Amino acid sequence: MTRVLVVSVEPPWPAQHGGRLRTARVAEALSGHAEVLVAFPDHGTRQPDAPVATRPLAWSAPSAVRTRASGRPHLGGHYMVPIADALDALCAEFRPDAVYWSHSYLAAWAPPSSRRVPQVVEFANIESRRLQTLVTSAHGWQRMARRAEATKAAFWEPRVAARAALCVALSPPDADVLRGWARDVVITPNGVDVWPYDPSPSDGYALALASYDYEPNVLALRTLVRDVWPLVRAALPAARLVVAGRRSEALGPEFAAAPGVEVLGTLDDVADVYAGAALTVAPATTGGGSQLKLTESMSRGRSVVMSTFAANGLPAAVRGADAYWVADDPDSFAKAVVVGLRDTPARHARERAGWQRCAALGWPETVRELVDAISTLAARTATS
């Protein structure tokens, strides 16, 4: 059996949020066709009985001076520098037929042994573009640092793509960029876990579920609470906004006085918070281009009010469906939320349409082409 080493930025299991969930499902799908080992820097919570073999590698945060001064991405160096030697040793021990990098910025720091086998690099975003969107929201030294990282990405990102045996894009626009750099590109959008359809409650709340250790989500939520939510409450005085997700508890004091806003914090299981929601909101206008939480919400039978920026990252299977609302300015966004909360029958029609479209996005179906491409690549390597 062929062997695939998956290198992740964190433990994929428990698969509680977007980045972990995607890596977990790709590794699980690959494990049905190859011997898979998932390696990652040993930080954060990890599940001891993961469904795929794992190898945590000892890690502690390195000096930022080294990674900032390098021509390679600071973020990749932050995770990879402390584990580089251990990863090299693991490659010599496991002898993979292919190495799958869950993020392009990790591949930019690939140690020598891992570079001697075919590289499969997932471009969760086009980093040069993502970083550029973050420059304007920063000030002082932070703005300078982000501009430097965006400039570095314009150099290292095409080179990582060019030396990869296979590049993985999450959306057609990202794939178009990669095809200008790479020889082989496969589009693998975010999939979903398929859930039974359960209509949203008539008295449900608006749910802002995201990872709030990511600045674009924090900035978007602040704008939502400051500029949009008062308009919603003016039209619907009993409307509620529930904020939940990784590290959202840090925002609790900031929004404690906002009428109708409740911060739940980090959740071990999101089922209950989805069950009580009438709809979800995705207001981010900067950051990456494909948000897994959009299809996750629809797969759970909940419509989304989203920005145009978020909608541009939707997979083809749901794009254009009458299953969500798109709005950008505060007045339009608030009106969409009000309509969604107030008109239960219309909301149910939209959420069912989205749920039906998501049936085509089950993880096994979504990753099948990727699994086939990696299996072919690994088999070719094993016999060469």
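The values are calculated or read from the model by the stated rules, or taken from the named source; none is laboratory data. All values reported here derive from a predicted model rather than from experimental measurement. So basically every Cβ, Gly included, is an ideal-geometry build from the backbone, and we count neighbours across all protein chains shown. The accessibility values were calculated without ligands, DNA or RNA, using every heavy atom of the protein model including side chains. Shrake-Rupley method; radii C 1.70, N 1.55, O 1.52, S 1.80 Å.
Yes/no per residue for (1) open to solvent by 50 Å² or more (accessible area, probe 1.4 Å); (2) in contact with a helix residue (DSSP H, G or I) (Cβ under 6 Å, 6 or more places away or on another chain):
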site: Glu249; (1), (2): yes, no
site: Val281; (1), (2): no, no
site: Ala284; (1), (2): no, yes
site: Met306; (1), (2): no, no
site: Gly313; (1), (2): no, no
site: Lys335; (1), (2): yes, no
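List, please: which pairs have Cβ atoms under 8 Å, are six or more places apart or on different chains, and start with a residue in the range 92-103 that is surrounded by fewer than 18 Cβ atoms within 10 Å (Cβ to Cβ) and end with one that is assigned to a loop (DSSP other than H, G, I, E, B)?
Note: no pairs meet the criteria.
Those residues that are under 21 Å from Trp363 (Cβ atoms) and in contact (Cβ under 8 Å) with a residue 60 or more places away in the chain, I need them from the range 29-75; list them, please.
Within the range 29-75, Ala29, Leu30, Gly32, His33, Ala34 meet the criteria.
Suppose the filter is aliphatic (A, V, I, L, M) and assigned to a helix (DSSP H, G or I); does Val318 pass it?
no
Can you name the residue in the range 7-25 that is in contact with a Leu (Cβ under 7 Å, 6 or more places away or on another chain) and not in a loop (DSSP other than H, G, I, E, B) and, of all such residues, is most open to solvent (accessible area, probe 1.4 Å)?
If we take residues in the range 7-25 being in contact with a Leu (Cβ under 7 Å, 6 or more places away or on another chain) and not in a loop (DSSP other than H, G, I, E, B), then Gly18 is most open to solvent (accessible area, probe 1.4 Å).
Anything in the range 67-82 that is more than 19 Å from the chain's Cα centre (by Cα) and either buried (at least 24 other Cβ atoms within 10 Å of the Cβ) or charged (D, E, K, R) (or both)? List them, or say none.
If the condition is that a residue be more than 19 Å from the chain's Cα centre (by Cα) and either buried (at least 24 other Cβ atoms within 10 Å of the Cβ) or charged (D, E, K, R) (or both), then Arg68, Arg72, Met80 are the ones that fit.
How many residues, within the range 251-279, are outside any loop (DSSP other than H, G, I, E, B) and open to solvent by 80 Å² or more (accessible area, probe 1.4 Å)?
Matching residues across the range 251-279 total 2.
Keeping to the range 286-304, report how many residues are in a helix (DSSP H, G or I) and open to solvent by less than 30 Å² (accessible area, probe 1.4 Å).
6
Quick one: how many residues across the range 1-23 are free of Cβ contacts under 8 Å to residues at least 24 places away in the same chain and out of contact with any helix residue (DSSP H, G or I) (no Cβ under 9 Å at 6 or more places or on another chain)?
Total satisfying the criteria: 1.
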